[in-house]
Amino acid sequence: MVFTRRDLLATAAGIAAGAQAQTPSGAVTPCAIASVNGLRAVSKALEMIRGGADVLDAVIAGVNILEDDPQEHGVGLGGMPNEEGVVELDASVMHGPTRRAGAVGAIQKIKNPSNVAKLVMERTDHLMLVGEGALRFAIAEGFQPTNLLTEDSRIAWLAWKEKRGTAWGPGLADGSGAMASASAETRTFAQRMLDHPITGTINCLGVNAKGDLSGTTSTSGMAFKIPGRVGDSPIIGAGLWLDNDIGAAGSTGRGEENIKICGAHTVVEYMRHGASPQDACLETLKRIQRTYFGNRAKLEKVDIDFYALNKKGEYGSASLWDHQGDGRVSRYAVADAKGARLMDCAFLMTR
Ligand code: ASP
């Protein structure tokens, strides 16, 4: 049995999540959707789509806002570092009208990996570049290498090392750790990272009045990961997939689980066979559920959300659990004719 919060709260029967966005003339109402952190991104993307921009340029411009923001700790500048204190970013793009895709994995020093992914798509005959090669490609294309590790993220990383009980830790003499000399805000952030190491990927999908779709996913991946770990975000078919005839899908959350079931591709295939965007997300989550053979305790450690937008401009999202491990209710960002807002995700199971 699956529930939406609306199922639980709605007084009028028959209120479905998502939107019917086709006008009587058959034109699609332009729309952008994103993960919960993407309110600014969907606003920007929709403004550009309405202004006639290519949908991929629009969603990338939206995602750039987060990549450029040092306070967004799961994306671009200020993203969470790997276990060696180095920020490594993953991103993918897909362009519906031309059916092309590009991606970068574990790229260092470049704050806008979504733009690099687009250039991999446009200027190479490859689809994905990783690590040192991706960095060298970006520099050749004119990107400026910068230090992506902000002070907040550096202190959180040091605090994480200290907590692991290695030789890193409060000195024997004075007992102070990395957090001791940090500002109150940095200490609060670092403590939050220790309690619930966040990730903060953004997936952003858009459709224009012609029904053309594009999408991008950008992330610093799992906090404190092993150097070289690549998650689902740059994997075409997992963190992002779309078919311009059908719809688009993306994901945030535990990338390893998503890669195993080719999540975004699966969501789009369910839509191809008639599922609504929300139901397609829920059915895909069931595939993750079944990889755990009923072991609920283990599954409770997994948080993952899917987002879907079809060619008619209908959208939906679903989360594995009714709320994330840290208690946050799962939501997603939407911008369409009704404005930009956060909406509740449907969910498969209650914690
Ligand atoms: N999906 C991302 C990854 O596994 C992380 C996240 O979205 O939280 O790299």
*Report the relative contact order of the chain, percent, no decimals, based on alpha-carbon pairs under 8 angstrom and at least 6 residues apart.*
23
*asked:* Counting heavy atoms of the protein chains only and a 1.4 Å probe, report the per residue accessible area for the chain as a whole number of Å².
replied: 42
_Along each principal axis, Cα extent of the chain, largest first, Å_ = 74, 49, 36
*Residue among MET94, ALA182, THR146 farthest towards the positive dipole end of segment 68-188, charges placed on Cβ*: MET94
*Whole-number percent relative contact order across segment 270-351, with pairs defined as alpha carbons under 8 Å at least 6 apart*: 29
_If you restrict to DSSP beta bridges whose two residues both lie in the chain, what percentage is antiparallel, to the nearest 5?_
90
*Just from the alpha-carbon atoms, what are the Rg and Dmax of segment 267-313 in angstroms?*
12.3, 39
_Percent accessible area from carbon and sulfur atoms, segment 103-196, protein chains only, probe 1.4 Å_ = 52
*Could you go through segment 90-103 in sequence order and give the Karplus-derived ³J(HN,Hα) for each residue, using 6.51 cos²θ - 1.76 cosθ + 1.60 with θ = phi - 60°, rounded to whole Hz, and x for Gly and Pro?*
10, 7, 9, 9, 9, 10, x, x, 9, 6, 10, 8, x, 7
*Please state the relative contact order of segment 104-161 as a whole percent: Cα pairs under 8 Å, 6+ residues apart?*
41
*Residue farthest toward the positive end of the dipole of the chain, with Cβ of Lys/Arg at +1 and Asp/Glu at -1: which of THR266, ALA32, SER43?*
THR266
*Convert each backbone phi in segment 116-128 into a coupling constant with the Karplus relation 6.51 cos²θ - 1.76 cosθ + 1.60 (shift: θ = phi - 60°), then list the ³J(HN,Hα) values in order as whole Hz, x for Gly and Pro.*
5, 4, 5, 6, 4, 5, 8, 10, 10, 9, 9, 10, 9
*Would you please name the chymotrypsin sites (Phe, Trp or Tyr not before Pro) within segment 261-304 that are DSSP coil residues with at most 14 other C-beta atoms within 10 Å of their C-beta?*
PHE293
*Please determine, in degrees from 0 to 90 and to the nearest 10, the orientation of helix 277-290 with respect to the longest principal axis defined by the Cα atoms of the chain, where the helix direction is its Cα long axis.*
50
*Between beta-carbons, use under 9 Å as the cut-off and find the net charge around SER218, counting Lys and Arg +1, Asp and Glu -1.*
-2
_Within the chain: Cβ-based charge dipole about Cα centre, in debye rounded to nearest 20 (Lys, Arg +1; Asp, Glu -1)_ = 560
*Which distance in nm do the two modelled labels at VAL329 and ILE226 give, with both placed 7 Å along the Cα-to-Cβ direction?*
3.9
*Formal net charge of residues neighbouring GLU269 (Cβ-Cβ distance under 15 Å; K, R +1; D, E -1)*: 0
*What net charge do the residues around THR201 carry, taking every other residue with its C-beta under 10 Å from that of THR201, with Lys and Arg at +1 and Asp and Glu at -1?*
-3
_Centre separation in Å (Cα based) which lies between segment 141-159 and segment 277-337_ = 30
*Kindly rank 149-156, 204-211 from highest to lowest mean number of other beta carbons found within 10 Å of each residue.*
204-211, 149-156
*What angle do you read, to the nearest 10 degrees and between 0 and 90, between the alpha-carbon axis of helix 55-67 and the longest principal axis of the chain?*
30
*asked:* If you fit an axis through the alpha-carbon atoms of helix 263-272 and take the longest principal axis of the Cα set of the chain, what angle between them do you get, 0 to 90°, nearest 10?
replied: 10
*Calculate the radius of gyration of the Cα atoms of segment 145-243 to one decimal place, then report Dmax, the largest Cα-Cα distance, as a whole number, both in Å.*
18.5, 68
*Nearest 20 debye, what's the magnitude of the dipole of segment 63-170 about its Cα centre given +1 on Lys and Arg Cβ and -1 on Asp and Glu Cβ?*
220
*For segment 243-335, give the percent of accessible area contributed by carbon and sulfur heavy atoms, probe 1.4 Å, rounded to a whole number.*
49
*Share of antiparallel DSSP beta bridges in segment 109-255, in percent to the nearest 5?*
90
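The values are calculated or read from the model by the stated rules, or taken from the named source; none is laboratory data. The structure presented is a predicted model; accordingly, all values stated were derived computationally and were not measured. As a convention, Cβ positions derive from the backbone with ideal geometry for all residues, glycine included, and neighbour counts pool all protein chains shown. Please note that ligands, DNA and RNA were not included when accessible areas were found on the heavy atoms of the full protein model with its side chains. Shrake-Rupley method; radii C 1.70, N 1.55, O 1.52, S 1.80 Å.
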